[in-house]
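The values are calculated or read from the model by the stated rules, or taken from the named source; none is laboratory data. Here the structure is a predicted model, which means the values were calculated and not measured. Glycine also receives a Cβ, built like all others from the backbone with ideal geometry; neighbour counts cover every protein chain displayed.
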Amino acid sequence: MVVDSPRMPQTGGVPRLPRPPGRTLATSPFTREEQVPPSTAGFAVGDRVTLDCWGMGRVAEVLDDCVVVDFRTAGLRRIPAGTKGFSLL
């Protein structure tokens with residue numbers, strides 16, 4: 001008989017062993033780099049940019065955590081730093 005327990009996942013009675021830590025090789029081409037926080041440092045007012053969902057636009061304002069872009073047809077939009085598909089032209 002199997003008893004449901006909120007702390008034990010259903011594994012069919014087989015104990016779950018902890019996963020060993022992954023090893024990293026110094027010569028591996030897949031070494032992990034430290035995560036770099038997103039930044040708006042590369043943008044300036046007047047730069048032409050593109051975003052996959054709204055197309056091309058011009059930077060209207062640069063803030064610490066986002067960039068305000070005028071996409072003409074879509075209007076002014078605040079794009080957070082690090083948004084995928086957002087790049088300078």
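Tabulated results
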{"read-out": "Check on T40, at pLDDT below 85 and of a type in the set (S, T, Y)", "value": "no"}
{"read-out": "Matching option when the condition is part of a loop (DSSP other than H, G, I, E, B) and small (G, A, S), among G82, G57", "value": "G82"}
{"read-out": "Cβ pairs under 6 Å, 6+ apart, first in the range 65-89 and under 16 Å from V36 (Cβ atoms), second hydrophobic (A, V, I, L, M, F, W, C)", "value": "D65/A81; P80/C66; F86/L51; F86/I79"}
{"read-out": "Single match in V67, V45 (criterion: outside any loop (DSSP other than H, G, I, E, B) and modelled with pLDDT of 80 or more)", "value": "V67"}
{"read-out": "Scope the range 78-89; condition within 19 Å of the chain's Cα centre (by Cα) and not hydroxyl-bearing (S, T, Y); matching residues", "value": "R78, I79, P80, A81, G82, K84, G85, F86, L88"}
{"read-out": "Residue count, the range 61-86 (criterion: polar (S, T, N, Q) and closer than 12 Å to L51 by Cα)", "value": "1"}
